[in-house]
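Student: Sending over a structure as structure tokens; questions will come in a sec.
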Amino acid sequence: MPASASRTDPALAILRRTFGYAAFRGRQAEIVSHVAGGGDALVLMPTGGGKSLCYQLPALLRSGCAIVVSPLIALMQDQVDTLVQLGVRAAFLNSSLDWPEARDIEQRLHAGELDLLYVAPERLMSERGLIMLERLSAASRLALFAIDEAHCVSQWGHDFRPEYLQLSALHERFPGVPRIALTATADEATRREMIERLGLGDAEIFISSFDRPNIRYTVVEKDNPRQQLLAFLADRRGEAGIVYCLSRKKVDETAEWLAAQGWDALPYHAGLSPEVRAANQRRFLREDGVVMVATIAFGMGIDKPDVRFVAHLDLPKSLEAYYQETGRAGRDGEPAEAWMTYGLQDVALQRTRIDESNAHEAQKRLEAQKLNALLAFCESPRCRRSVLLEYFGEAGRECGNCDVCLDPPELWDGTEAAQKALSAVFRTGQRFGAMHLIDVLRGKVSAKVRERGHERLPTFGVGQDLDDRAWRSIFRQLVAAGTLHVDLAEHGALKLTDAARPVLKGEAQVEMRRVRATHSTAVKARRPRGADGLSSADAELFEQLRMWRGMVAREQGVPAYVILHDRTLRELAEVRPGSRGMLMTIGGMGQAKVERYGNELLHLITG
């Protein structure tokens, strides 16, 4: 971008000078222009797509202070630390502050000494909070309202925050202040709910592509999941990652087991004390190579850009949840991996969760449909990214960066096998799970088979040509296709649906993906991800820069990425700028960071 362009465009000038970037990404420029001009906006942009800039930059373009509504204390602290490093006057108000600290920030706000103030929704919507804002508004000091994680307003979502429902009052109390609501994921129903509940009927809607091309998606059949996880992690030592489990007990056990295997693994779930959760989250954010084993209580608002992998040991509740959880990997745009192992037992557990919830029937039906969509994703022989994007209403194409594209499954005519499986379900009375049915099909006279007399059934032994893994895959694919249903009332028994009838009658053909042989993952020693592709000399400098960054971060008590991102360190190692002016050409090196760290960086680079 020519220097003259940034001088004539105030937004580009701030982008370069403050944030250290030469150009906007995607629809950022449109959004910034719209909000800076006073318009309301609803922004749907994937994690790592640059949502924060969409309100931070308009806040600096408009007069007054921007009020940012954020649901999580950790996110506020992280965002403010990052902005302060950039030379932006930012602060937060939440329950972590004592009274003198909160009073000092309020005084700075009233004195016009803040550009952005992050506020918890319950604090903002209190009587004191609104009175505080009304005083500011009378003096024309409110730049805009930004409502982050706006999907929290959805009463059907797992991130629902009741206090978000009150935020529609902002428009009523401050009609002249523009609002921007932002979220990383929302299906059509949630979008409508956000618009209605936040009073955004006249807002411009900006929907960016949901594609995260840097993330590689892999789904494997659950078969000794701990060892599968260990194989996946084998060549990822020194990398930060998240391992999601369904239950608190499993989180604790998995974290303890990984620690015993030599991994720096920590647990995180709602059953831990607030002090332990905060300490573990702080270590994850501020140290390199920490693996957080967690329930879904961990994740929303985690702004760590260098999470290199997200692994699921249990099936998430929906494709939206899967997308949101895997989206916490690779926020820096560098290669990252989303790995998941699942089996029929996962399906039974999720259906039990739906059935036993206190939700009304319409919501239960919706959640069951969403679970079915996730199963279809897991079993689809098509590119996983295409299936995922199409679910969100976006055209997909083969990505070349998922397990299906990289190692396409072999498809086969599974009609006869499907008929055998469905017949076994029918002849055993639709009262048994897959393990017993497989014994019947393979002709195994187990105690249960003998007790029920199932060795005398016509289907006994008709499936000896396939092994247990192949039959497990067949049953999973039949459930995903909707020809079988997991019955919650009978402990995961498989039952026929109406869709099974044409298959049994030979009126429908069933195409299946052939089960793969189990592959072991070789253990490899490799450099940190950020050094991949660098020459030996550049990689050595990259490591020196990482060590310097870690030391500075510890001195300041902030996460390392708040100082500089891996991508910036990589560019510094490759380009090796020799002056402060050349430092300004490096992505992520704004004016404040050059002034603060320029001499130290030049000393490291030039020796």
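The values are calculated or read from the model by the stated rules, or taken from the named source; none is laboratory data. It should be emphasised that the depicted structure is a prediction, and the values quoted were computed from it without experimental measurement. Note: ideal-geometry Cβ built from the backbone for every residue, glycine included; neighbour counts use all protein chains shown.
Student: Quick one: which of Thr428, Thr415 is of a type in the set (Val, Ile, Thr), surrounded by fewer than 18 Cβ atoms within 10 Å (Cβ to Cβ) and either touching a Pro at 6+ places or on another chain (Cβ under 6 Å) or under 25 Å from Gln345 (Cα atoms) (or both)?
Tutor: Within the list Thr428, Thr415, the selection yields Thr415.
Student: Identify all residues within region 418-457 that are touching a residue at least 40 places away in the same chain (Cβ under 8 Å) and among the aliphatic types (A, V, I, L, M); write none if there are none.
Tutor: Residues satisfying the conditions are Ala418, Ala421, Leu422, Val425, Ala434, Leu437.
Student: Checking Cys399 against (1) over 21 Å from Arg476 (Cα atoms); (2) in contact with a Cys (Cβ under 8 Å, 6 or more places away or on another chain); (3) in a helix (DSSP H, G or I): exactly one of these is not met. Which one?
Tutor: (3)
Student: Suppose we filter Thr254, Thr190 for residues that are within 20 Å of the chain's Cα centre (by Cα), of a type in the set (S, T, N, Q) and in a helix (DSSP H, G or I); which single one remains?
Tutor: On inspection, the qualifying residue turns out to be Thr190.
Student: Can you work out which of the residues in region 102-137 that are without any contact (Cβ under 8 Å) to a residue 12 or more places away in the chain and more than 33 Å from the chain's Cα centre (by Cα) is surrounded by the fewest Cβ atoms within 10 Å (Cβ to Cβ)?
Tutor: For region 102-137, the residue satisfying everything is Glu127.
Student: On to the next question. Which members of region 231-249 meet the condition of being surrounded by fewer than 19 Cβ atoms within 10 Å (Cβ to Cβ) and out of contact with any Pro (no Cβ under 9 Å at 6 or more places or on another chain)?
Tutor: Ala231, Ala234, Asp235, Arg237, Ser247, Lys249
Student: OK, next. What are the residues in region 222-251 that are assigned to a helix (DSSP H, G or I) and not small (Gly, Ala, Ser), if any?
Tutor: Within region 222-251, Pro225, Arg226, Gln227, Gln228, Leu229, Leu230, Phe232, Leu233, Arg248, Lys249, Lys250, Val251 qualify.
Student: Does region 44-56 include one or more residues that are in contact with a Lys or Arg (Cβ under 6 Å, 6 or more places away or on another chain) and among the aliphatic types (A, V, I, L, M)?
Tutor: Yes: region 44-56 contains one or more residues that are in contact with a Lys or Arg (Cβ under 6 Å, 6 or more places away or on another chain) and among the aliphatic types (A, V, I, L, M).
Student: Restricting to region 10-23, count the residues that are among the hydrophobic types (A, V, I, L, M, F, W, C), in contact (Cβ under 8 Å) with a residue 24 or more places away in the chain and not in a helix (DSSP H, G or I).
Tutor: Of the residues in that region, 1 qualify.
Student: Select from region 457-485 the residues that are under 16 Å from Val503 (Cβ atoms) and small (Gly, Ala, Ser) and list them in ascending order.
Tutor: Gly463, Ala480, Ala481, Gly482
Student: Looking at Ala240, Ala231 in this structure, which one is among the aliphatic types (A, V, I, L, M) and out of contact with any Phe, Trp or Tyr (no Cβ under 8 Å at 6 or more places or on another chain)?
Tutor: The unique qualifying residue is Ala231.
Student: Any residue in region 111-120 that is among the hydrophobic types (A, V, I, L, M, F, W, C), part of a loop (DSSP other than H, G, I, E, B), more than 29 Å from Arg308 (Cα to Cα) and in contact with a strand residue (DSSP E or B) (Cβ under 6 Å, 6 or more places away or on another chain)?
Tutor: Yes, some residue in region 111-120 is among the hydrophobic types (A, V, I, L, M, F, W, C), part of a loop (DSSP other than H, G, I, E, B), more than 29 Å from Arg308 (Cα to Cα) and in contact with a strand residue (DSSP E or B) (Cβ under 6 Å, 6 or more places away or on another chain).
Student: Given (1) in contact with a Lys or Arg (Cβ under 9 Å, 6 or more places away or on another chain); (2) acidic (Asp, Glu); (3) crowded, with 19+ Cβ neighbours inside 10 Å, identify the lone condition not met by Glu325.
Tutor: Going through (1) in contact with a Lys or Arg (Cβ under 9 Å, 6 or more places away or on another chain); (2) acidic (Asp, Glu); (3) crowded, with 19+ Cβ neighbours inside 10 Å one by one, Glu325 breaks only (1).
Student: Only residues that are under 21 Å from Gly238 (Cα atoms), among the small types (Gly, Ala, Ser) and surrounded by fewer than 22 Cβ atoms within 10 Å (Cβ to Cβ): list them for region 544-586, please.
Tutor: Listed by number, the residues that qualify are Gly550, Ala553, Gly557.
Student: Residues to consider are Gln430, Gln477; find the one that is farther than 23 Å from Val515 by Cα, of a type in the set (S, T, N, Q) and either part of a strand (DSSP E or B) or in contact with a strand residue (DSSP E or B) (Cβ under 9 Å, 6 or more places away or on another chain) (or both).
Tutor: Every option except Gln430 fails the conditions.
Student: Does region 262-283 contain at least one residue that is in a helix (DSSP H, G or I) and aromatic (Phe, Trp, Tyr)?
Tutor: no
Student: Output the qualifying pairs, or none if there are none: Cβ atoms under 9 angstrom, residues six or more apart or on different chains, first residue in region 567-591 and hydroxyl-bearing (Ser, Thr, Tyr), second residue in a loop (DSSP other than H, G, I, E, B).
Tutor: Hits for this filter: Thr568/Gly20; Thr568/Ile586; Thr568/Gly587; Thr568/Gly588; Thr568/Met589; Thr585/Ala22; Thr585/Pro577.
Student: Also, quick follow-up: Considering only region 562-605, how many residues are in a loop (DSSP other than H, G, I, E, B) and among the hydroxyl-bearing types (Ser, Thr, Tyr)?
Tutor: Selection size over region 562-605: 2.
Student: Could you check region 31-51 and list, in sequence order, the residues that are within 18 Å of Ala150 (Cα to Cα), of a type in the set (Gly, Ala, Ser) and touching a residue at least 40 places away in the same chain (Cβ under 8 Å)?
Tutor: Listed by number, the residues that qualify are Gly39, Ala41, Gly48, Gly49.
Student: Could you count how many residues in region 374-398 are assigned by TED's automatic domain parsing to the domain that holds Val220 and either at positive phi or in contact with a Ser or Thr (Cβ under 7 Å, 6 or more places away or on another chain) (or both)?
Tutor: Total satisfying the criteria: 6.
Student: Tyr55 versus (1) over 24 Å from the mean Cα position of the chain (by Cα); (2) of a type in the set (Ser, Thr, Tyr); (3) in a helix (DSSP H, G or I): which is the lone unmet condition?
Tutor: All conditions pass for Tyr55, except number (1).
Student: Mind counting the residues in region 158-189 that are free of Cβ contacts under 8 Å to residues at least 40 places away in the same chain and closer than 25 Å to Ala270 by Cβ?
Tutor: Result for region 158-189: 3.
Student: OK, next. Is there a residue being modelled with pLDDT under 95, in a loop (DSSP other than H, G, I, E, B) and surrounded by fewer than 18 Cβ atoms within 10 Å (Cβ to Cβ) anywhere in region 62-71?
Tutor: Looking through region 62-71, at least one residue is modelled with pLDDT under 95, in a loop (DSSP other than H, G, I, E, B) and surrounded by fewer than 18 Cβ atoms within 10 Å (Cβ to Cβ).
Student: Another one. Looking at (1) of a type outside the set (Ser, Thr, Tyr); (2) closer than 19 Å to Leu319 by Cα; (3) touching a Gly at 6+ places or on another chain (Cβ under 9 Å); (4) buried (at least 17 other Cβ atoms within 10 Å of the Cβ), which one does Glu390 not meet, given that it meets all the others?
Tutor: Among (1) of a type outside the set (Ser, Thr, Tyr); (2) closer than 19 Å to Leu319 by Cα; (3) touching a Gly at 6+ places or on another chain (Cβ under 9 Å); (4) buried (at least 17 other Cβ atoms within 10 Å of the Cβ), the lone unmet condition for Glu390 is (4).
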